[in-house]
Amino acid sequence: MRKKIVAGNWKMNNDLVQSEALIAELLTKLPQTTAEVMIAPTFVNLATAVQKTKASKVEVIAQNMHFAENGAYTGEISAQMLASIGVKTTILGHSERREYFNETDEALTKKVDTALKHKMRVVFCIGEKLAERKANKHFDVVKEQIEKALFHLSAQAWQSVILAYEPVWAIGTGETATPEQAQEMHAFIRKIIADKYGNEVAQNVSILYGGSANPKNAKDIFAQKDVDGGLIGGASLKADDFVAVISAI
Ligand code: PEP
């Protein structure tokens, strides 16, 4: 059966001292849960975070990586570099990467391939902008994002893919998709995967919801049958809030 996952995306927040303090508090307060718990600190704090969480169930994951193996890509980080410090999972295709760093579907396809080649798991983000939802194009947009970056993969490769549906209009805005809107899109995503790969692959893919999820709304969202957890931004920056979200699953 597919896994329940709660992942905290710290984005460009927390210096070394703050990261260590947040991890320490999180580990003290972490509730008993069968869900996987992940945190994604900034690149510079990943190695320390891996060390600090070693004896816990918290997995430290990256927020991004480059598609090339190595070479003249100033400022970039490779899959091998991540693997060498014990990072086994990366977020890819976050809407902020797409929007502010011009990440295209083509680049994301290459990133996915490189990550999988290095036996990393991928938390792949998809989601429509507000204008696209208003124009009733949200299903088409999400379908195209998945098709372009992931539908060249084998059924076997999907074991390393976790999806995060993040409507862009709900990220960091305080505006959440309703539980019904989340369920509707998650069911749609599972259906297009089933149509392409069959029911077994579709039923085994964890699909997380992301977009202003917090201790108040997480329970209702996580209760939806096709919602398998959350990718949490703002609420993952405070141990008490993140722990409350984890407890809601
Ligand atoms: C995110 O950036 O992945 C996210 C869901 O952010 P927030 O929870 O702050 O909306």
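Which value in deg cm²/dmol, rounded to the nearest 500, describes the helix-derived mean residue ellipticity at 222 nm for the chain, given -39,500 (n - 2.57) per DSSP H run of n ≥ 4 and division by the residue count? Write out the running numbers ahead of the final one.
Values: 11 runs with 104 residues, N = 249.
Helix contribution divided over all residues of the chain: -12000 deg cm²/dmol.
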Report summary line: Phi angles of segment 192-204, converted by Karplus (6.51 cos²θ - 1.76 cosθ + 1.60, θ = phi - 60°) into ³J(HN,Hα) in whole Hz with x for Gly and Pro, give 5, 5, 5, 4, 8, 10, x, 5, 5, 4, 4, 6, 8
Requested in this report: Output ³J(HN,Hα) for segment 30-44: one whole-Hz value per residue in order, computed from phi by the Karplus curve 6.51 cos²θ - 1.76 cosθ + 1.60 with θ = phi - 60°, and x for Gly and Pro.
Outcome: 4, x, 5, 7, 8, 6, 6, 10, 10, 10, 10, x, 5, 3, 5
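Mind listing which chymotrypsin sites (Phe, Trp or Tyr not before Pro) in segment 74-183 are in a DSSP loop and have 16 or fewer other Cβ atoms within 10 Å? Before the final figure, lay out each step's value.
On the way: sites: Y100, F101, F124, F139, F151, W158, Y165, W169; in loops: F101, F151.
Taking segment 74-183 and a limit of 16 other Cβ atoms within 10 Å, the loop chymotrypsin sites (Phe, Trp or Tyr not before Pro) found are F101, F151.
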Query - Under 13 Å, Cβ to Cβ, from L237 - net charge with Lys/Arg +1 and Asp/Glu -1 - result: -2
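Kindly sort E144, E59 by accessible area of their heavy atoms, largest first, with the probe set to 1.4 Å. Walk me through the numbers on the way to the answer.
Details: E144 90, E59 45 Å².
Heavy-atom accessible area, descending, gives E144, E59.
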**Report entry** Residue among G93, G174, G233 with the largest mean-square fluctuation in a Gaussian network model of the chain, springs linking Cα atoms under 10 Å
**Finding:** G174
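I want to verify the translational diffusion coefficient of the chain in µm²/s; compute it with Stokes-Einstein, Rh as the Kirkwood radius over Cα pairs, at 10 °C and 1.306 mPa s.
Details: Rh = 18.0 Å.
Diffusion coefficient, whole number: 88 µm²/s.
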Report summary line: Between the residues G211, A115, A155, the Cα farthest towards the positive end of the dipole of segment 106-249, that dipole coming from +1 and -1 charges on the beta-carbon of Lys, Arg, Asp and Glu, is from A115
Query raised in the report: Of the residues N136, N214, N13, which exhibits the maximal mean-square fluctuation in a Gaussian network model of the chain defined by a 10 Å Cα contact cut-off?
Result: N136
Query raised in the report: Near the amide H of A62, under 5 Å away, which other amide H atoms are found, from residues 5 or more places off or on another chain, if H is placed in the peptide plane?
Result: T89, T90, I91
Query - Amide proton proximity set for F124, modelled H, under 5 Å, gap of 5+ - result: L92, I162, L163, A164
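Below 8 Å, C-alpha to C-alpha, sequence gap of six or more: please give me the relative contact order for the chain in percent.
Numbers: 484 pairs, mean separation 55.4, N = 249.
Dividing the mean separation by the residue count of the chain yields 22 percent.
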Report summary line: Largest fluctuation, V60, V201, V37 only, Gaussian network model of the chain with Cα springs under 10 angstrom, belongs to V201
**Report entry** For K4, distant residues with modelled amide H under 5 Å away
**Finding:** E36
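The values are calculated or read from the model by the stated rules, or taken from the named source; none is laboratory data. Please read these numbers as outputs of a predicted model, since none were measured by experiment. Cβ atoms come from the backbone with ideal geometry, glycine included; neighbour counts cover every protein chain shown. Note: areas computed on protein heavy atoms with side chains; ligands, DNA, RNA excluded. Shrake-Rupley method; radii C 1.70, N 1.55, O 1.52, S 1.80 Å.
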